[in-house]
Structures are given as structure tokens and as C-alpha cells.
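For reference, the structure is listed below as C-alpha cells.
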Amino acid sequence: MIELRDVRFEYTRGGFSLRVPDLEISPGTRAAAIGPSGSGKTTLLNLISGIERPEAGQIETAGMRVDKLSQAARRSFRITNIGFVFQDFLLLDYLDVLQNILYPYRLHHDLRLDDAAHARAQRLAADLGIDRLLKRRPDELSQGERQRVAIARALVTAPTLVLADEPTGNLDPATKQHALDLLFEQCNALSMTLLMVTHDHGLLDRFDQVVDVSAFEGSPP
Amino acid sequence: MKDSLYLAWRYLRHHRAKTLLLVLSLSVFLGLPLVMRAMSAVIQQSLMARAESTPLLLGKKGSSLDLVVEALYFQAKGIEALTAADADEVDDTGLAQAIPMRTGLLAQQFPVVGTSLDYFGFRGLQTANGRTLATLGECVIGADVAATLGLKPGDAILTSPSSLFDLAGVYPLRLQVVGTLHPSYGPDDRAVFVDVKTAWVAEGLGHGHQDLATASGDVLLKRKDGTATANAKLVQYNKITDENADNFHFHGDPASYPLSSVIVVPNDDKAGVLLRGRFVNDPARQMLRPAQVVEGLNAQIFRFERVLQIIVWTVGLATALMFVLVMVLSWRLRADELRTMTRLGCSRWKAVQIMGAEVSLMVGTSVALAAFLGFVMAHYGETWLQNLVLRGS
């Protein structure tokens, strides 16, 4: 599913670089990326998803050499193959919950917003327990509810890979476990690979694989 | 494009106060030149229409514009007066009809116009209620005067004293309303028409008082050789009625009584040319074509309008820059949203489309609003302006 070989990356403005000699995550794996702040966890997700392009090395994600794709192709690849969950959810306050879940369909012509997409959004909302909130706006929801909306948005396009950047960082312990349960449940049900950045070492025993980014050769800012 | 429009619409609807403010600002910027142009055109047309319907005007030498403004629009400009003899002189030529005009007095803030019955025929003014002027002390009022003061035939209106604190001055004269005119959407709607002799009475040039021949002794100071001198007890009339009408009289030669101007209606073009020729070298009087004067005024208005247009476009440019600034700042504030779009995989073109859709929706709505404003002004502006703007002219 994910393969990185001799990857070297440096921000153009300098100050930070990351070197990943070898990383492999198999399909269907639930992997956690850990490491201190500034070690390059988010950069790793950006390289895997094609948001950033390496200076050297190979990156294969979901069977595609993303390091060889053009920017437009990487965007297209990303929206059709990868689901994102962000720490601060990044929901849009001017859309209701249903439209937030369906948001990716409105961003790229490769995705078609049809009845099937609507049905999938409704089903996901029901599975995540937010089906009664579909007409509400994000600012009317609790943190836990907003996180579930963000998870539904990441999964609605049925991606093969879900990248989650500290998705439970803003949640209380009880909500955190519940959100994780829901994420794992959905990834299992849909046979998705999950790579999740976390600082919470207490959660690591729930993952199949742990990637310690601090073990890679990097220079913090 | 459908998705971009949808997202743009939802965003604008969510931030409706900001959207409304921007749309209204743009609408005003786009609509103002249209409205100004329409207003200017209506004012110029209205001024010109009245001027063109008045072939010639006779007045004392001085500002031709003041003469036209006072004679046609009844705005008191303090022009020097002709005499009734001047009107007779024009009449005597047999080349034209002379319509005397005496203006300058007010009745409850509306101009009193002393003229002859010919004026009504000349302007095509018809009574909506009541009848036209018949005797001294009567008045016919314009449609606006009737509506504003709630007057109808049978009511009365008082002339305003020229000097409130001058005890020896002219006292208000009570005018009997005998008719109201149909609206003509011009200065005639806001005038109180009286016979020119009534105007002279209102000015104090003619007056009425208790008959000295039958007056009691305590009113008379002396009676000698057929003349009588009265004291202050003599009753002065401030209202002309059937009973006291015979007691109103004028002292001196009526031919020397003042007229503000004389509307001259030549029998034909040749008569007009001949008449103008007679007055061209007159040292004290001028005969002019009002249309020529108003053309000059319109040229001034056009120049003023050009200056206004430059100001409007400058303000408009500032509005447009402010609009751009607000949009740029708005997108900067939405950096998180843009980043999310990029990370999810939104194409660059799609992001531009969404931003463009927001701008297009706002500009489109503003253009539609401005066009609607222009349409309303083009179709209904004339009546509205005539009612509103030209009332004072």
C-alpha cells in the first residue's frame, strides 16, 4: 500500500529536512506514526499523499508512484484515493453536516455527486451516530460530533488509504477512545489502510504497526 | 461549475450581512451614473420643454437667466419691473398677444402669479374643480397647492406680508379660491394665480376701505373741496367681497403699475422677428427667446454633470478597490479553508472557479440591481422627478 525508498525532502525555504531510507505499510494495516513535535510526522503524511514532492527517492501509494506525478495528477490521485482527518477537523461553517461530509465531491470533477454518494454519506452518518445532525451546522456540534463528521468526510469517497493527523488530539479521553473505535471500525469494514499520527502512546497497542519518525534522519526547524 | 456556484452561494448566504453590504456598495457605484444621467436628462428636458413653449419674453434689461427663471418658474429673483404700459405697447403693435406677469409675492409659501386669463389658454391649463378667475380678490390654485394645503373652491388663502414687522407695510390679502387646476407637472402646479390687478392690491398698490362719503365724523379729520382726510380709525379691507369690491380702487396711472415680465406670443414667425428687432437696441428693456437662455443653462448643467461624473467615477474606483480589498482579506481569513481544499485534492482551477463564482454572484447581483434602478429611472423617473425635483423650480 505504502512504500518509501531512499526518500529525501527539504523545505525550499530551508530549515527542515527529512530522510526516509525505507518504509513499508501493507494494505489494510492500521499504522501509527509517532515522534516528538517537529520530527516530520506531518511531512511524512504530506509526502505519502503527494501534497509535497520529494527531492529524491521513490514513493508508492496505493500502487501509484506519486513522486512521478504532476501536481494536477497528484491532486486528482489524492481526492480519489486518500481520505484525510485533521486534528482541528477543518469543517466549513457555512455548510451543514451533510454538505460537509459530501464536500470532497464538490472539489474535483473526478468525483461524481450522485444518489449513490448521498446514500453513502447517509449510511456513514448513521454508522457514526450523527444521522440526526445532518441539517446542523458545525458550530452547533460538540467536539466529538465534529470529529465524527470529519471522519465521515474522510471516508465518504471510499478511499483505499486514510491519513489522520492527530485526529484525537483535541478530544477528551472518553471521546478519544470512541472516535478511534469508530475510525477503526469503518476502516475495517471498508478494508482501508490507516496511517495515523499520534502523540498518545497509550493508544499504540491498538495499532498493527508503529512508525517512529524520530528514527528517520531529519533536522528539526 | 454547478458545484462552485453552490459553494459560493452557500458561503455568501451564510455571510449575508457582508454580502449585502458589498452588493449594495457595488450597486450604488454602478447605478449612480445611470440615475444621474436620467435625472439630468429629465431636468434638462423639462426646463427646455417649458422654455420652448414660451416664444418670447419681455423684461427689464439685466440678467436674462433671472428674467426667465422668474417668469417661467416663478422663482423670485428680484428683477427690475416693467410697467403695464410696456405690455400695452406690445399689444398695440398688433404683432403679438401680450400676457402680463406679476410675480414675487407669496401666499403661504407658494408663489402668487398675477396674470390675465390668456395665460391659462396659453399654457393649456384647465380647472379640475370650480371655475377660472372672474373678479378681483379671486384666485385659482395649482394642483400641488391644493393637495399640500388641502384647499378647494370656496376656501381662502392669505398672501404673505412682505415685511412682518413693518406696521406701515402691506397687510395680507385674503384670496378666495374659486378653482383648482389639473396637474401639469410643472411650476404651474405650485402657483396661486390671480388677476394682475389682484396682485397689485396684494402689493398695496390698490386698496379698499370704508366709504369716506358715508363715514361718521370720528373717522374724518377734515372734509374740504370734495376731498376727505381720514384718521387711523378708517376701516381698511383685507378681503375683497361682493359688498366691498366697489370700494377697492387704485391711485395714480394704471399704466405705470409694475409687471415683472410680459410673455409675448407673436402672431407668426415674422411677427416674432419684427418684435425682437424693435427691442434689440432698447436701452431699458430686453426681449429674449427663453429657449435660447435655457440652452445656455443646460450647457452649464451638462458641464456640471461632467464634473459630477468624474467625482462619481472616482468614488466608484475607490469602491471597486475596497471591494477587491475586502475579497482579498476575506480569502486570507479563509486560509484554513483553502489549505483544506488543497490537501483534500481540490484542483487549482476549481479553487479559482469557487472564488470567481463568489465574485460573479455579487457583481452579477449588483449589475442586476443597478440595471433595475436604471430601468425604473428610465420608465418612472420622469414623473417622479417632476413631482420631486422640479417642484421647487
(message) Cβ neighbours within 10 Å, averaged per peptide: list B:54-63, B:189-198 in order, most packed at the top.
(response) B:189-198, B:54-63
(message) I need the phi-derived Karplus couplings for the stretch A:120-134: 6.51 cos²θ - 1.76 cosθ + 1.60, θ = phi - 60°, integer Hz, Gly and Pro marked x.
(response) 5, 5, 5, 5, 4, 4, 5, 5, 8, x, 10, 5, 7, 9, 4
(message) Need one number: the % of Cα-Cα pairs in the protein assembly as shown sitting beyond the 42 Å mark.
(response) 54
(request) Find the relative contact order for chain A and round it to a whole percent, using C-alpha pairs within less than 8 Å whose residues are 6+ positions apart. (result) 33
(request) Of the DSSP beta bridges with both residues in chain B, give the percent that are antiparallel, rounding to the nearest 5. (result) 80
(request) Tell me which residues come under 5 Å, amide H to amide H, from A:LEU190 once H is placed; ignore anything under 5 positions away on its chain. (result) none
(request) Give the percent of DSSP beta bridges with both residues in the protein assembly as shown that are antiparallel, rounded to the nearest 5. (result) 70
(request) Using θ = phi - 60° and the Karplus relation 6.51 cos²θ - 1.76 cosθ + 1.60, list the HN-Hα couplings for the stretch B:34-51 in order, rounded to whole Hz, with x at every Gly or Pro. (result) 5, 5, 4, 4, 5, 4, 4, 5, 5, 4, 5, 5, 5, 4, 5, 4, 5, 5
(message) Let me check the size of the stretch B:271-369 from its C-alpha atoms; what are the radius of gyration and Dmax in Å?
(response) 29.5, 91
(message) Please compute the average number of Cβ atoms from other chains found within 10 Å of each residue's Cβ in peptide B:334-344.
(response) 6
(message) With an 8 Å Cα cut-off and a minimum separation of 6 or more residues, compute the relative contact order for the stretch A:151-221 in percent.
(response) 38
(message) Per DSSP helix of 4 or more residues, -39500 (n - 2.57); summed, then divided by the residues of chain B. What does that give at 222 nm, rounded to the nearest 500?
(response) -17000 deg cm²/dmol
(request) Excluding B:PRO33 itself, calculate the net charge of residues whose Cβ lies under 15 Å from the Cβ of B:PRO33, where each Lys or Arg counts +1 and each Asp or Glu counts -1. (result) +1
(request) Rounding to the nearest 20 debye, state how big the charge dipole of the protein assembly as shown is about its Cα centre with +1 on each Lys and Arg Cβ and -1 on each Asp and Glu Cβ. (result) 1060
(message) Among A:LEU183, A:LEU90, A:LEU124, which one shows the highest mean-square fluctuation when chain A is modelled as a Gaussian network with alpha-carbon springs under 10 Å?
(response) A:LEU90
(request) Enter the mean number of other protein chain beta carbons within 10 Å of the beta carbon of each residue in B:350-360, as an integer. (result) 1
(message) Between 0 and 90 degrees, rounded to the nearest ten: what's the tilt of helix B:290-333 against the longest Cα principal axis of chain B?
(response) 30
(request) In whole Hz, with x marking every Gly and Pro, tabulate ³J(HN,Hα) for the stretch B:345-350 from phi via Karplus 6.51 cos²θ - 1.76 cosθ + 1.60, θ = phi - 60°. (result) x, 4, 6, 4, 4, 5
(message) From the helices alone, meaning DSSP H stretches of at least four residues, give me the mean residue ellipticity at 222 nm for chain A, per-run term -39500 (n - 2.57), in deg cm²/dmol to the nearest 500.
(response) -9500 deg cm²/dmol
(message) As a test, work out the antiparallel percent of DSSP beta bridges whose residues both lie in chain A, rounded to the nearest 5.
(response) 50
(message) With a 1.4 Å probe and all protein chains kept in place, how do B:LYS222, B:LYS2 rank by accessible area, largest first?
(response) B:LYS2, B:LYS222
(request) May I ask you to derive the relative contact order of chain B, considering only C-alpha pairs under 8 Å and at least 6 residues apart, and to give it as an integer percent? (result) 29
(message) Placing +1 on the Cβ of each Lys and Arg and -1 on the Cβ of each Asp and Glu in the protein assembly as shown, which of B:TYR6, A:ILE79, B:LEU288 has its Cα farthest towards the positive end of the resulting dipole?
(response) A:ILE79
(request) Report, in debye and to the nearest 20, how large the dipole of chain B comes out about its Cα centre when Lys and Arg carry +1 and Asp and Glu carry -1 on their Cβ. (result) 2680
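The values are calculated or read from the model by the stated rules, or taken from the named source; none is laboratory data. Quick caveat: nothing in here was measured; it's all calculated off a predicted structure. When we count neighbours, we look across all protein chains shown, and the Cβ atoms used for this are built from the backbone with ideal geometry, even at glycine. Accessible surface areas use protein heavy atoms only, side chains included; no ligands, DNA or RNA. Shrake-Rupley method; radii C 1.70, N 1.55, O 1.52, S 1.80 Å.
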